[in-house]
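**Q** Below you'll find the structure I mean.
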Amino acid sequence: MKLAANNSHTTESPATEKVTKATQANKANILAPSQAKEKVGKLRRMTRICLGIFWPVLPALYLALRPTPSIAKSHEVGEILNQGDLIEAVKHIEQSWEEEYEEYFGRNLADETTTVDSIARTLLALGRETGKKPALLYMLPSPDGLKVILVTEDGPIHRQIPEANRETLLEVAKKFRGDITNPRKRHTRSYLENAQQLYQWAIAPIESALEEQGIETLVFCVGSGLRSIPFAALHDGEEFLVEKYSMGQIPAFKLVDTLYGDVRNSQVLAMGASEFQELPPLPAVPVELSAIVCKNQSRPCPFWQGQRFLNQGFTLEHLKSLLDEQKFQIVHLATHAEFLSGDPDSSYIQLWDSKLTMNRMGELDLGDPPLELLVLSACKTAIGDKEAELGFGGLAVNSGVKSALASLWYVSDSGTLALMAQFYRNLQTAPIKAEALRQAQLALIREEVSLENGELRGSRGSLPLPPELRQSGRENLSHPYYWAAFTMIGSPW
C-alpha cells in the first residue's frame, strides 16, 4: 500500500488567513512601554479638557434628551384606555401624578391608594353635605390627542380628542393666556378665539353628561402644560365657564383633604407689605387688609374677626408666633409670591424683610390641624414651566392646608383689591370656598364692582383707593385679566 507524501505546508482557508494578518498587524502596533505611557497621558489630558467643557451642561443635556415623563405616562394611560379599563386608568393617573409631586417636593405625600369607587363615594357625600354637586375632571395632554376622563358619583366616562394633540393643545393654551395677560389687549376680546377652541376640546365632549347629572362644581386634575391655564375663562360662545360652574384645581385626588369644614365664622390672620426694597410697591395692600379684617374688635364689624399686620409687622418670626398663639382658620398674605423654574427653594413668598421659600413652608406648621384656607393675593407663575406648575398646583398639599387661593399672574393692585374684597364678603355666606370665588369673579364680569373716581364701588358700598391708584373716570374690571388668574387650589370645599 502506497501512502501519499506528507506536505508540511498546509493551505489556510481565506478566513484563517484574514485572522492571521490581523494578528500580525496588531503585534506591529504594540507600543513600547514609554510610548504607551505618553499616549495614555495625552488621552487623560484630552478627557479632562472635554469634561471641563461639557460637564457643566451635561445635566441640562440629559434633561433635554431624556423622554418626557409626562408624555411617557400619558402613553401608558392611553394604552390602558384603549383597552377600555377606566378604573385602572384613573388609578394609574393618581399614582403617576402623586409620584410627580413627591419627586418635586422631595418627600412622601400620601400612602393610600385611590380608586374610582372611593372617588365617586366621596363626591356623592360632598355633594349632599354642601348642596353643590361636584365632578372630577382629568385631562391628559398626549401626542395622539387630549384624553379627558370625567368622574362623578355615577362613575367615569372617557373622551379622546385626536385633533388636540399635545403640541397643538399647548400652543393654543399659551396663546390664550398670552392674550389675556397682554396689557395692550386688555380692552379687546382677542382671547376669545382660543378660549372657545379650548372649550370645544376640553369641555364640550363631556358637556351633556355635566348637564344631565346637574354638576355645579368642576374639580380639574390636569397634566403638565395645563396647570397654569385659567380654566375659568374658557368660553362656549355665549358665556365663560365660570358663569356655569364653580371650580378648583388639584394635584391628585388622593392629595386633597376632602373633609368639609364650614369657614363662615373663622378667625382670619391678614398680613402684607406695600413697600419693598427690590420689588414693585403694592399700594392697595393697606386697603385690602382693612377690607378683610376689622381693626376694632369691640364694635360690630361687617368684615371678618381676626388680626391684621402691615409691613414691619409682616416678618417670619411674627407670623410664626401669631400662628402658635392663636387658632386661625384663614391666613391671608397680601404680598409678592413667585412660582419659578427649578426646585421648591426657587419659588418664594416675599415677607417684609426676607423671602419664605416653598421648601420652608413646613416651618409655619399650617397642617396641624390643617388650616382651612391660605390666600396669596399677588402671585405669578411661569407659564408652561413644569417645575413652576408643580409649585403652584402643589401649594396646598406642600403647605399642609386644605385649600389655597392664589393667582397665576400679577393682577393690577386695584384689580386684586376689588376681587379680594368681594371674595371675603361672599365667603361669609357661600356654601363652599370655590363658590365664594366664583361669585366674586361674576361680580367683576357683570360690572357689579368697578373702580370709579378714586373709589372701589360695589353693591355693599365703596372703599377709597390710595392716592397712587386714584384716577378720574371709571375702570372696567370685566376683562379676564382681572379675575381669571385667581385659582382655588386643593379642596374647593
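**Q** Between a residue in the stretch 163-177 that is touching a residue at least 12 places away in the same chain (Cβ under 8 Å) and closer than 17 Å to Leu140 by Cβ and any residue that is of a type in the set (Val, Ile, Thr) and outside any helix (DSSP H, G or I), which pairs come within a Cβ distance under 6 Å, given they are 6 or more apart or on different chains?
**A** Final answer for the pair search is Ala173/Ile229.
**Q** Out of the residues in the stretch 440-458 meeting the condition of being more than 19 Å from Leu427 (Cα to Cα) and among the acidic types (Asp, Glu), tell me which one is most open to solvent (accessible area, probe 1.4 Å).
**A** Going through the qualifying residues, I end up with Glu447.
**Q** With the requirement that a residue be out of contact with any Pro (no Cβ under 9 Å at 6 or more places or on another chain), closer than 30 Å to Glu475 by Cβ and aromatic (Phe, Trp, Tyr), what does the stretch 165-211 give you?
**A** Of everything in the stretch 165-211, just one residue is out of contact with any Pro (no Cβ under 9 Å at 6 or more places or on another chain), closer than 30 Å to Glu475 by Cβ and aromatic (Phe, Trp, Tyr), namely Tyr199.
**Q** Can you pull out the residues in the stretch 358-377 that are open to solvent by 10 Å² or more (accessible area, probe 1.4 Å), touching a residue at least 60 places away in the same chain (Cβ under 8 Å) and in a strand (DSSP E or B)?
**A** Answer for the stretch 358-377, where residues must be open to solvent by 10 Å² or more (accessible area, probe 1.4 Å), touching a residue at least 60 places away in the same chain (Cβ under 8 Å) and in a strand (DSSP E or B): just Pro370.
**Q** Would you confirm, using the coordinates I've provided, whether Gly393 is in contact (Cβ under 8 Å) with a residue 40 or more places away in the chain, surrounded by fewer than 18 Cβ atoms within 10 Å (Cβ to Cβ) and of a type in the set (Gly, Ala, Ser)?
**A** The answer is no for Gly393.
**Q** Applying the selection to the stretch 338-349, what residues are of a type in the set (S, T, N, Q), surrounded by fewer than 22 Cβ atoms within 10 Å (Cβ to Cβ) and not in a helix (DSSP H, G or I)?
**A** Ser341
**Q** Is there any pair with a first residue in the stretch 450-463 that is without any contact (Cβ under 8 Å) to a residue 24 or more places away in the chain and a second that is in a loop (DSSP other than H, G, I, E, B) and open to solvent by less than 30 Å² (accessible area, probe 1.4 Å) whose Cβ atoms are under 9 Å apart and which are 6 or more apart or on different chains, and what are they?
**A** From residues that are without any contact (Cβ under 8 Å) to a residue 24 or more places away in the chain, the pairs are Gly454/Leu465; Glu455/Leu465; Arg457/Val449; Ser459/Val449.
Here is a yes/no grid of residues against (1) part of a helix (DSSP H, G or I); (2) open to solvent by less than 50 Å² (accessible area, probe 1.4 Å):
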position	(1), (2)
Leu81	yes, yes
Ile87	yes, no
Ser96	yes, yes
Glu100	yes, yes
Asp111	no, no
Ser118	yes, yes
Arg128	yes, no
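**Q** Residue by residue through the stretch 425-439, note down the ones that are closer than 15 Å to Trp304 by Cβ, open to solvent by less than 30 Å² (accessible area, probe 1.4 Å) and in a loop (DSSP other than H, G, I, E, B).
**A** If the condition is that a residue be closer than 15 Å to Trp304 by Cβ, open to solvent by less than 30 Å² (accessible area, probe 1.4 Å) and in a loop (DSSP other than H, G, I, E, B), then Ala430 is the only one that fits.
**Q** Does His158 satisfy being closer than 30 Å to Glu129 by Cβ and either over 22 Å from the mean Cα position of the chain (by Cα) or open to solvent by less than 10 Å² (accessible area, probe 1.4 Å) (or both)?
**A** Working: closer than 30 Å to Glu129 by Cβ: yes; either over 22 Å from the mean Cα position of the chain (by Cα) or open to solvent by less than 10 Å² (accessible area, probe 1.4 Å) (or both): yes.
So His158 passes the test.
**Q** Could you list, ordered by first residue, the pairs with Cβ atoms under 9 Å in which the first is in the stretch 305-332 and touching a residue at least 12 places away in the same chain (Cβ under 8 Å) and farther than 29 Å from Trp493 by Cβ and the second is surrounded by fewer than 13 Cβ atoms within 10 Å (Cβ to Cβ) and of a type in the set (Gly, Ala, Ser), at least 6 apart or interchain?
**A** Thr315/Ser354; Leu316/Ser354
**Q** Continuing with this model, one more query. Give the stretch 311-337 a look and list any residue that's assigned to a helix (DSSP H, G or I) and either surrounded by 15 or more Cβ atoms within 10 Å (Cβ to Cβ) or acidic (Asp, Glu) (or both), or say none.
**A** Here is the first cut: in the stretch 311-337, the ones assigned to a helix (DSSP H, G or I) are 311-313, 316-325.
Result: Asn311, Gly313, Leu316, Glu317, His318, Leu319, Leu322, Leu323, Asp324, Glu325.
**Q** Follow-up. In the stretch 223-246, which residues are among the small types (Gly, Ala, Ser) and in contact (Cβ under 8 Å) with a residue 60 or more places away in the chain?
**A** Step one: of the stretch 223-246, the residues among the small types (Gly, Ala, Ser) are 223-225, 228, 232-233, 237, 246.
Matches in the stretch 223-246: Gly223, Ser224, Gly225, Ser228, Ala232, Ala233, Ser246.
**Q** Of all residues being among the charged types (D, E, K, R) and assigned to a helix (DSSP H, G or I) in the stretch 195-225, which is least open to solvent (accessible area, probe 1.4 Å)? Just the residue, please.
**A** The selected residue is Glu207.
This table checks each residue for (1) open to solvent by less than 20 Å² (accessible area, probe 1.4 Å); (2) part of a loop (DSSP other than H, G, I, E, B); (3) in contact (Cβ under 8 Å) with a residue 40 or more places away in the chain; (4) of a type in the set (Lys, Arg).
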{"site": "Gly248", "(1), (2), (3), (4)": "yes, no, yes, no"}
{"site": "Asp257", "(1), (2), (3), (4)": "no, yes, yes, no"}
{"site": "Asp262", "(1), (2), (3), (4)": "no, yes, no, no"}
{"site": "Ala270", "(1), (2), (3), (4)": "yes, no, yes, no"}
{"site": "Phe276", "(1), (2), (3), (4)": "no, yes, yes, no"}
{"site": "Pro283", "(1), (2), (3), (4)": "no, yes, yes, no"}
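The values are calculated or read from the model by the stated rules, or taken from the named source; none is laboratory data. Note that the coordinates shown come from a computational prediction; the quantities given were computed from them, not determined experimentally. FYI the Cβ positions are ideal-geometry reconstructions off the backbone, even for glycines, and counts take in every protein chain you see. Just so you know, the surface numbers come from the protein's heavy atoms only, side chains and all, with ligands and any DNA or RNA stripped out. Shrake-Rupley method; radii C 1.70, N 1.55, O 1.52, S 1.80 Å.
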